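Data block below; observations after.
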Amino acid sequence: MSDSKVHKCLIVGSGPAGYTAAIYASRANLFPVMYQGIEPGGQLMLTTEVENYPGYPKGVQGPEMMEEFRQQAERMGADIKFGLITKVNFEGPIHKLYLDSGEELLAHTVIIATGAAAKWLGLPSEQRLNGSGVSACAVCDGFFYKGQELAIVGAGDTACEEALYLSNLSPMVHMIVRRDKMRASAVMQERVLKNPKIKVYWNSETMEILGDKLVEGVRIINNVTNEVTDIPVKGFFVAIGHQPNALPFKDYIDTDEQGYIKTICGSTRTNVAGVFAAGDVQDKTYRQAVTAAGSGCMAALDAERYLSAIGVH
Ligand code: NDP
């Protein structure tokens, strides 16, 4: 295959990391091509108000912010395509990536910015009723249960944010917390605990989601007293964290025990020369839009330096 068909820079994923990489790579004349993946815009498409991204003093809706990122990347010249990378071959100096259609793509540099996806509890009833009252996205699905009592499991910032969101739709949100404390930031906890429409069940674990075709309730057990309680609800929301979307790369790219891509300290370099990782797929510590965007910028700069070092101009 002729070298002209080898992309200088191929970006996989389209959250804040991918779009920022695309903006920087375009301005550096790397003519980046981005494959957006299954959820264009990434996790921020499932968020409501973002209050902590600098430059938006009044806050901004997650999907609106991602649309602005996309427009900026396109205006700089990034070629943004819909498509899912399912397989790669990083054996040679030219990296090979495969779309779900089977099409092969070639690139000198690859920026992996595939983010992370919601985790599930792993209960059979959760799987059976998924989409029939069970959801991992309050913002996407909460509206369907307007006026109904709901349950949410988790105790991080996401669970708090989603419980607060649901409390605007529901007369009572039952929040199931497995320990006697929450992991969420103090400000989010305070908002939840002050909200009269959120009832917190401490030391409680979900045994089963009740219902035949639709969710009708949730059975929980108190892990201190062993007391079992059935709570009648019409919707059950899971907000227990995320796992990195690194599967297509796992045969070549080093990951840690939780599956996050390992990068060389102080850079976005992976163990494969010319392959870089940015955003939540390589960050289990900060996981913020602004840190993802920052690492997307780093990845584009790292790719530019690598291309220059191997003499691709
Ligand atoms: P986290 O990993 O922070 O929290 C996951 C929560 O789910 C924990 O409370 C954990 O409990 C609980 N959990 C995990 N597994 C189970 C299980 N099997 N059963 C019951 N509970 C379970 O994930 P988040 O998605 O909440 O947040 C991810 C990152 O994004 C964090 O850094 C967070 O600060 C950030 N974030 C920031 C926001 C903002 O600033 N506006 C909004 C949303 C997220 P336990 O504590 O017992 O381990």
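The values are calculated or read from the model by the stated rules, or taken from the named source; none is laboratory data. Everything quoted here is computed from the prediction, not taken from an experiment. We place every Cβ from the backbone using ideal geometry, glycine too, and count neighbours over all the protein chains shown. Areas reflect the complete protein model, heavy atoms only, side chains present, ligands, DNA and RNA absent. Shrake-Rupley method; radii C 1.70, N 1.55, O 1.52, S 1.80 Å.
Structure summary
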read-out	value
Cleavage-rule hits (GluC sites (Glu not before Pro)) in the stretch 209-313: DSSP loop, at most 16 neighbouring Cβ within 10 angstrom	Glu216, Glu227, Glu257
Scattering curve values for the stretch 1-84, log₁₀ I(q)/I(0), Debye with Cα scatterers, q = 0.14, 0.19 Å⁻¹	-0.48, -0.79
Axial C-alpha extent at least 27 Å, average Kyte-Doolittle at least 0.5 - helices from the chain (DSSP)	289-310
Label-point separation in nm, Tyr56 to Ala309, each point 7 Å along Cα→Cβ	3.5
Chain lengthening between Val6 and Ser267 when straightened (0.36 nm per residue, less Cα-Cα)	91.5 nm
Rotationally averaged projected area of the stretch 126-168 (alpha carbon convex hull; nm²)	2.9
Distance-filtered residues of the stretch 140-174 - backbone nitrogen under 17 Å, label point 7 angstrom along Asp230 Cα→Cβ	149-151
Estimated dipole of the stretch 143-211 in Debye, rounded to 20 [Cβ of Lys and Arg +1, of Asp and Glu -1, Cα centre]	180
Spatial extent of the chain: Rg and Dmax, with the Cα atoms as the point set, Å	21.4, 69
Full-stretch length increase - Leu106, Met172 - with 0.36 nm per residue and alpha-carbon distance subtracted	18.5 nm
Dipole magnitude of the chain, debye to nearest 20 (Cβ charges: Lys/Arg +1, Asp/Glu -1, about Cα centre)	340
Probe 1.4 Å - accessible area at Ser26, Å² to nearest ten	10
Separation between Cα centres of the stretch 144-174 and the stretch 7-74, rounded to whole Å	28
Theoretical FRET efficiency, 1/(1+(r/R0)^6), r = Cβ-Cβ of Asp254 and Asp212, R0 51 Å, to 0.05	0.65
Long-range HN-HN contacts of Arg178 with modeled amide H, under 5 Å	Gly154, Ser204
Hydrodynamic radius by Kirkwood, which averages 1/r over all alpha carbon pairs of the stretch 93-209, in angstrom	16.5
Unmatched cysteines, the chain - criterion: no other Cβ of a Cys under 4.7 angstrom	Cys9, Cys160, Cys265, Cys297
Extended-chain gain in nm, criterion 0.36 nm per residue less alpha-carbon gap, Asn130 and Ile94	8.9 nm
Per residue accessible area in Å² of the chain, where ligands, DNA and RNA are left out and the probe is 1.4 Å	50
At R0 = 22 Å, FRET efficiency that the Cβ-Cβ distance of Ile38 and Leu123 yields, to 0.05	0.35
Normalised alpha carbon radius of gyration of the stretch 19-149 [divisor 2.2 N^0.38 Å]	1.30
